[in-house]
Amino acid sequence: MSERGKAFSVLAANTLAFTVCFAVWMMNGVLITFLVDNGIYDFDKAEMGWLIGIPVLTGAIFRLPAGMLTDRFGGRGVFAIVMLLTAAAAYLDSYASGFWGFIVGGLGFGLAGTSFAVGIAYSSVWFPRHQQGTALGIFGAGNAGAAITAMGAPWILNALTDGGANLEAWRWLPRIYAVALLVMTVIFWVMTYPKKPEEEVTRTMVQRLSPLQKVRVWRFGLYYFLVFGGFVALAQWLIPYYVNVYTVSVATAGLLSSIFTLPSGLIRAFGGWLSDKLGARTVMYWVLSGCAISCFLLIIPRMDVHSPGQGVIALRGGVVTAVAEDVVEVDGWPYPLVPMSVEGPRREGTLIWPTMSFGQEPTVEVGDEVSRKQLLAKGETHIYFQANIWIFTALVFVIGILMGIGKAAVYKHIPDYYPNDVGTVGGIVGVLGGLGGFVCPILFGYLLKGTGIWTTTWMFFLVLSVACLAWMHWTIRKMTLKHAPDLAHQIEEPWDSRPNS
């Protein structure tokens, strides 16, 4: 087979393997929600956040060493070992019997998350620099594995447990995932070929880690914390979000959350192409701005608020002679009231904007003696905001698309700036992104537990999006001022001559 044919075969195998690994990595989002929803385990929101985030922690921590091993030994063997170890851990997870059992199991099968750092480095060596954005974008489409789990795992669990009649059969789900990984390992080995990054000399560990001294690497990591870590967190958190906020079933929640995860994974290939054509920074401006706007629109929670309103006060003293829902009379003097509205049944799914009603209710009875400025009727303002599920899902869809494009844009920078350290730099950026996937569900759980408001999730992402946008813009302004007028119209410059930013 020609070198070009091998490159496409490796890219296809990498993408398929990454898809399966990502599906396994996201397993706890569905599994833990199912177990809690069916009363098998009584985990609170904070504990659920930990269990959802723990596999992501393993995948994050081990991305750097996995990337370095790929730079040193090549991706073929490292990827195969990752899948075999993950398969063994997923199978053992089926024997978990409590919180700590799931913690240990999640730490094990979380190795699936390291497949990203391996695949990025292994894919990049097969393509020239001007095609790497597109190639890595195609590989990153394996994020769609999250949608496979979101849509498929609830259906599998329902079938395995006979619709809840045999709940202990949930243990077959991680075993099925383990078998899928073993089969994928065989397919991967048949379709791939060995190849390592081209280096003139063997470098020491210190030399391999030297790019981590650059501030820009950590800036890329913060971007990835948002676009990848946020994606991973939401891929799992949206299922309990839909179940609790919109009272839908786990299966329906999985289907709705796939509207976020599936397009976000698939659009990544387009994001890579777009970054090749327009430049990664231009793309990131749109991504970060769009995320900030969308999250801002989502921060208003679903609410039903009754607040004190304008009441009716007696203008003079006297005796109450008549009381009705629309009037109170004092010594024959009428005080008109706004009757409390009797609301009919709300048609869920039809309201878009907040609705408000106002009414007044008498606080006195016939025969009562009142003095001047005494309250005759209390006022009440009723504000109802449905947080329409379809509007919510549409905005989440937009965020998913933006995060998918952003993931490709961030990784477009890496082979351009650090062509001989894609595994190492991609590994640390992946670590920070993976830590986002670990930290965010736990943070969401504590924010929810402390405030009782589910939309604190979007408040957090709004702040993070604005912080990333501000840092990026400040850096670009600093570079422009330093190099003006050379960089007045073009910010990008050759990778080996760029200042540390």
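Identify the residue in the range 452-468 that is under 16 Å from the mean Cα position of the chain (by Cα) and more than 16 Å from Gly433 (Cα to Cα) and, among all such residues, is surrounded by the fewest Cβ atoms within 10 Å (Cβ to Cβ).
Among those residues, the one meeting the criterion is Val463.
When you go through Gln236, Gln213 one by one, which is the residue that is of a type in the set (S, T, N, Q), modelled with pLDDT under 80 and exposed (fewer than 15 other Cβ atoms within 10 Å of the Cβ)?
When all the criteria are applied, what remains is Gln213.
For the range 103-128, name all the residues that are closer than 18 Å to Val429 by Cβ, in contact with an Asp or Glu (Cβ under 9 Å, 6 or more places away or on another chain) and part of a helix (DSSP H, G or I).
Ala121 - this is the single residue of the range 103-128 that is closer than 18 Å to Val429 by Cβ, in contact with an Asp or Glu (Cβ under 9 Å, 6 or more places away or on another chain) and part of a helix (DSSP H, G or I).
Here is a yes/no grid of residues against (1) exposed (fewer than 15 other Cβ atoms within 10 Å of the Cβ); (2) of a type in the set (Asp, Glu); (3) part of a strand (DSSP E or B):
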position: Trp273; (1), (2), (3): no, no, no
position: Lys277; (1), (2), (3): yes, no, no
position: Val287; (1), (2), (3): no, no, no
position: Ser294; (1), (2), (3): no, no, no
position: Ile300; (1), (2), (3): yes, no, no
position: Arg316; (1), (2), (3): yes, no, no
position: Ala322; (1), (2), (3): yes, no, yes
position: Met340; (1), (2), (3): no, no, no
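Output the residues belonging to the range 129-160 that are under 20 Å from Val243 (Cβ atoms), surrounded by 19 or more Cβ atoms within 10 Å (Cβ to Cβ) and over 20 Å from the mean Cα position of the chain (by Cα).
Leu157, the sole residue that qualifies.
Quick one: count up the residues across the range 222-243 that are closer than 14 Å to Met403 by Cα and out of contact with any Cys (no Cβ under 7 Å at 6 or more places or on another chain).
So the answer is 8.
Answer yes or no: is there a residue in the range 328-338 that is surrounded by fewer than 12 Cβ atoms within 10 Å (Cβ to Cβ), among the acidic types (Asp, Glu) and either in a strand (DSSP E or B) or at pLDDT 90 or above (or both).
No, that holds for no residue.
Quick check: anything in the range 140-151 more than 30 Å from Val10 (Cβ to Cβ) and modelled with pLDDT of 85 or more?
no
For the range 346-353, check the following and say yes or no: at least one residue is over 28 Å from the mean Cα position of the chain (by Cα), at pLDDT below 90, assigned to a loop (DSSP other than H, G, I, E, B) and over 30 Å from Leu136 (Cα atoms).
yes
Is at least one residue of the range 167-177 modelled with pLDDT under 90, aromatic (Phe, Trp, Tyr) and surrounded by 15 or more Cβ atoms within 10 Å (Cβ to Cβ)?
No, that holds for no residue.
Could you pull out the residue among Val248, Val243 that is in a loop (DSSP other than H, G, I, E, B), over 30 Å from Gln132 (Cβ atoms) and in the same structural domain as Ile61 (by TED's automatic domain parsing)?
Just one listed residue meets the conditions, Val248.
The values are calculated or read from the model by the stated rules, or taken from the named source; none is laboratory data. Note that the structure is predicted; figures quoted are calculated from it, not measured. Neighbour counts are summed over all protein chains in view; Cβ atoms, including those assigned to glycine, are modelled from backbone coordinates with ideal geometry.
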